[in-house]
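The values are calculated or read from the model by the stated rules, or taken from the named source; none is laboratory data. All figures in this text were calculated on a predicted structure; none of them were measured in a lab. When we count neighbours, we look across all protein chains shown, and the Cβ atoms used for this are built from the backbone with ideal geometry, even at glycine.
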């Protein structure tokens with residue numbers, strides 16, 4: 001594969017880095033201050049809408065969506081280094097309308113929704129006017145095996161579908177701008193194992209939809225985006241809200257989760273780079289036992305190991321992106337599974353070293369490393385746990 005970025009990517013990288021330095025990094029503290037001053041944790045800091053307006057004005061908007069004229073016309077390989085830059089800041093992806101779960105939901109709507117569904121939900125999502133959530137995981141079953149999902153989507157004569165479910169880790173459900181859920185559940189429990197599930201569009205304000213509680217990740221609420229446990233009790237939606245057709249849930253999930261997984265990995269590499277930069281800056285500025293920390297042998301090992309691990313993860317991510325473009329997500333499933341295991345493991349190691357180099361400051365709220373570690377640890381579970389991805393890789397190897 002060609003390791004040089006395309007001229008289009010290079011041009012966007014320059015503009016994106018400039019925007020991050022000029023607008024995003026200075027806004028991080030203001031975002032937190034506005035959130036802390038708000039009457040509720042679930043209100044949007046005004047600075048975010050300002051960033052979104054500026055990014056859209058500068059053409060740094062909807063940079064994902066390969067194979068669609070609705071995006072920037074970039075391939076997965078071209079998007080990878082841009083997504084990496086966005087991953088350096090917890091507020092950056094949303095500023096460019098490239099944050100989860102909206103990216104995955106928009107890809108789902110582009111691929112599988114009807115023109116009417118796209119007009120109603122995709123159009124405002126692409127414009128950044130609303131946000132969305134993906135309701136798949138359930139508290140009552142081991143959802144790493146999606147065939148366990150118990151949510152029921154039942155046909156109710158000519159009145160559409162009746163939905164009864166209890167979901168959790170529904171990221172984005174706490175956001176006041178969330179207007180639509182994509183929900184996965186069973187339409188036919190007697191069908192073959194992978195044809196029992198379907199996906200359906202559920203408006204956030206539909207009668208019977210109730211947010212039970214917000215969930216925290218190691219104590220962090222990720223406000224104002226948030227994660228929630230949500231109850232769907234006798235929720236009625238029109239028959240035309242089904243996506244692609246009954247029994248197509250796994251087909252849609254395969255198309256949706258592949259890009260979502262690699263986007264997470266791209267962002268993780270960006271966060272690892274910023275964590276390494278923080279570690280280097282810290283050890284060059286602190287003195288212990290009569291000499292700078294940067295002169296200590298073990299510290300240099302941490303820096304070297306971090307650099308090597310980041311480069312390895314980046315190369316595997318780029319290979320997976322290249323394969324997705326060249327042969328499709330299904331053929332690239334092993335590479336996607338591999339990087340989904342490798343990237344979080346790498347990132348957690350780099351952040352852990354950065355925390356150790358900062359000493360007590362590393363676990364405080366002052367440097368952002370504790371929060372970075374918390375939101376990175378969930379990546380070993382999100383979009384499928386490590387064990388499921390390792391199983392997929394092993395299955396491919398055994399077939400060889």
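The table that follows gives values for the structure above.
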{"read-out": "Test for residue 167: is it surrounded by fewer than 21 Cβ atoms within 10 Å (Cβ to Cβ) and not in a loop (DSSP other than H, G, I, E, B)", "value": "no"}
{"read-out": "Output for segment 233-262, where each listed residue is touching a helix residue (DSSP H, G or I) at 6+ places or on another chain (Cβ under 7 Å), buried (at least 21 other Cβ atoms within 10 Å of the Cβ) and either modelled with pLDDT of 95 or more or farther than 27 Å from residue 75 by Cβ (or both)", "value": "243"}
{"read-out": "Conditions (1) in the same structural domain as residue 185 (by TED's automatic domain parsing); (2) surrounded by 18 or more Cβ atoms within 10 Å (Cβ to Cβ); (3) in contact with a helix residue (DSSP H, G or I) (Cβ under 6 Å, 6 or more places away or on another chain): number failed by residue 228", "value": "(3)"}
{"read-out": "Options 199, 174: the member that is surrounded by 14 or more Cβ atoms within 10 Å (Cβ to Cβ) and touching a helix residue (DSSP H, G or I) at 6+ places or on another chain (Cβ under 9 Å)", "value": "199"}
{"read-out": "Cross-chain or 6+ apart pairs with Cβ under 8 Å, segment 171-183 first and on the phi > 0 side of the Ramachandran plot, then assigned to a loop (DSSP other than H, G, I, E, B)", "value": "172/101; 172/225; 172/226"}
{"read-out": "Close pairs (7 angstrom Cβ cut-off, 6 or more residues apart or separate chains): in the same structural domain as residue 305 (by TED's automatic domain parsing) in segment 349-366, surrounded by fewer than 17 Cβ atoms within 10 Å (Cβ to Cβ) and in a helix (DSSP H, G or I) anywhere", "value": "355/363; 362/356"}
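Yes or no, residue by residue, for (1) under 20 Å from the mean Cα position of the chain (by Cα); (2) closer than 24 Å to residue 215 by Cα; (3) not in a loop (DSSP other than H, G, I, E, B):
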position: 318; (1), (2), (3): yes, no, yes
position: 324; (1), (2), (3): yes, no, yes
position: 338; (1), (2), (3): yes, no, yes
position: 347; (1), (2), (3): yes, yes, yes
position: 351; (1), (2), (3): yes, yes, yes
position: 357; (1), (2), (3): no, no, yes
position: 360; (1), (2), (3): no, no, yes
position: 367; (1), (2), (3): no, yes, no
position: 373; (1), (2), (3): yes, yes, yes
